[in-house]
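Before any comments, here is the structure.
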Amino acid sequence: MAKLLENLHLALITGLVLALILLGVLHPNLGDIQPQAIFRWLHVFFGITWIGLLYYFNFVQIPTMPAIPAELKPGVSKYIAPKALFFFRWAAVLTVLTGLTIAVLMGYAHEAFTLQPGFRLIGIGMYLALIMAINVWAIIWPNQKRALGLVPADDASKAKSARMAMLASRTNTVLSIPMLLAMATYQSMPV
């Protein structure tokens with residue numbers, strides 16, 4: 001068992017297999033499962049990955065970096081941050097795509113995007129998620145590439161980019177709180 005858990009890919013595959021077994025046990029006729037149920041499951045998985053990494057950056061990495069000795073910082077900036085940013089930005093895309101797919105499959109995409117009564121809360125949540133995803137790709141990622149030295153930049157540009165990425169990331173942290181409220185409660189509190 002330890003060998004299985006030491007390999008991230010094997011651990012993820014094992015989790016997927018266990019989820020499929022659970023699904024098969026609870027729903028022996030897999031043909032009865034609605035596609036939106038699968039997309040909702042994926043949406044939650046990708047959303048946890050995205051927002052979890054957002055919170056890791058803002059609650060752990062950003063506040064801790066000033067205390068890390070200079071000779072150890074390259075360990076974070078060359079190895080940890082680029083890998084975390086890879087999963088962060090792609091989880092944002094997959095969260096938005098699976099969420100939009102759910103809205104289309106459930107037939108409320110138009111109502112949500114036009115903020116019609118009964119769909120305002122989910123619509124606001126969708127708009128906040130879109131703003132956040134655009135922020136990831138248009139502001140955070142380009143600035144992080146410069147700040148981390150993944151693309152050429154002088155020291156002044158790196159410092160300016162690091163600050164811009166941090167501010168955009170903090171903006172997403174702020175927006176994530178009402179976005180999560182909207183996503184989690186729209187069925188219970190239709191407005």
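Derivation of every value follows stated rules applied to the coordinates shown; laboratory data play no part. Since the structure is predicted, the reported quantities are computational estimates derived from the model, not experimental observations. Cβ: placed from backbone, ideal geometry, glycine included. Neighbour counts: every protein chain shown.
Odds and ends about this structure:
- Computed E for residue 189/residue 138 - FRET, C-beta separation, R0 35 angstrom, nearest 0.05: 0.65
- Cα gyration tensor category, rounded, prolate or oblate, for the chain with a/c compared to 1.5: oblate
- Annotation: the residues 43, 27, sorted from fewest to most other C-beta atoms within 10 Å of their own C-beta, follow the order 27, 43.
- Candidate membrane-span-like segments in the chain, meaning DSSP H helices with Cα atoms spread over at least 24 Å of their own axis and a Kyte-Doolittle mean of 0.0 or above, are 8-26, 35-56, 81-106, 155-185, with no membrane implied.
- Stretchable slack from residue 8 to residue 93, in nm (0.36 nm times residue separation minus alpha-carbon distance): 28.4 nm
- Computed from the C-beta positions of residue 76 and residue 20, the FRET efficiency with R₀ = 30 Å rounds to 0.25.
- Listed peptides 15-24, 107-116 appear in the order 107-116, 15-24 once ranked by packing, highest mean of other Cβ atoms within 10 Å at the front.
- Under 12 Å, Cβ to Cβ, from residue 146 - net charge with Lys/Arg +1 and Asp/Glu -1: +2
- Inter-site label distance for residue 105 and residue 174 at 7 Å from Cα along Cβ, in nm: 3.5
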